[in-house]
């Protein structure tokens, strides 16, 4: 299960809407081992594409080093699909490389409907999980 | 000569769980080959017949080796190599 504050959930959705029709992407860091998403880190989609996303390699290095320095890990890795459902695609699954992260998918295919789902992806296996939205970050 | 190589979570099964291992070599290619001699299978996760795998980022100190010399990038004593699988995906 993903437990996330309403505020952080809203920021993910806002980022996805803002970047539509390109795919948006980012990370929410939290204290290592806590499973608590706390620090919102929107990333640039270096591909700037409606069908693909990729973190810029230097930005990723900076962010990953910063998390390491702060004893954090990527609790949530999110991205959006702009014309398809909020479900991990084949490429999403094959490139998923943080087995401890919650992979959040947002779809912006419908401007009036919100699609926000969370998944665990490990060893090529996708498992959808519940999302528990809480009032405030801990 | 010793180069520290920082290993991402997903590849620590090759290093017995270690976040960081040491290796030696004059170039990145030699270094990876050296690591593979003690951590069998690691090299294949990073390199294919075309060179460094496309969706793995390898950095020498603060630079992405794609902008240096790829596998031919020289490494020296005291350098740090960091491996980070790319975070990527898409519609299909």
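Here are a few things to note about the model shown:
- Among the strands (runs of 3 or more DSSP E) confined to region A:93-138, the ones with at least 3 residues that are within 14 Å of the chain's Cα centre (by Cα) are located at A:102-107, A:115-122.
- Flag for residue A:27 being within 16 Å of the chain's Cα centre (by Cα), in contact (Cβ under 8 Å) with a residue 24 or more places away in the chain and surrounded by fewer than 22 Cβ atoms within 10 Å (Cβ to Cβ): no
- In region A:65-84, the residues that are part of a strand (DSSP E or B) and more than 12 Å from the chain's Cα centre (by Cα): A:72, A:73
- Region B:57-72 residues that are under 16 Å from residue B:30 (Cα atoms), paired with ones that are in a loop (DSSP other than H, G, I, E, B) (beta carbon under 7 Å, 6 or more apart): B:60/B:68; B:60/B:73; B:60/B:75; B:60/B:79; B:65/B:73
- Of all residues in region A:65-84 being surrounded by fewer than 19 Cβ atoms within 10 Å (Cβ to Cβ) and at the interface with chain B (Cβ under 10 Å from one of its Cβ atoms), the one that is nearest to residue B:58 (Cα to Cα): A:65
- Residues of region A:3-28 that turn out to be within 22 Å of residue B:90 (Cα to Cα) and in a strand (DSSP E or B), as a count: 4
- Region A:37-64, residues that are within 17 Å of residue A:98 (Cα to Cα), in a helix (DSSP H, G or I) and facing chain B (nearest Cβ under 8 Å): A:57, A:60, A:61, A:64
- Taking region B:46-80 as the range and being crowded, with 17+ Cβ neighbours inside 10 Å and within 12 Å of another protein chain (Cβ to nearest Cβ) as the test, the residues that pass are B:52, B:56, B:57, B:58, B:59, B:60, B:64, B:65.
Throughout, read-outs are computed from the coordinates displayed, never taken from laboratory work. Keep in mind it's a predicted model, so treat the numbers as computed, not measured. All Cβ positions, glycine included, derive from the backbone under ideal geometry; neighbour counts span all protein chains shown.
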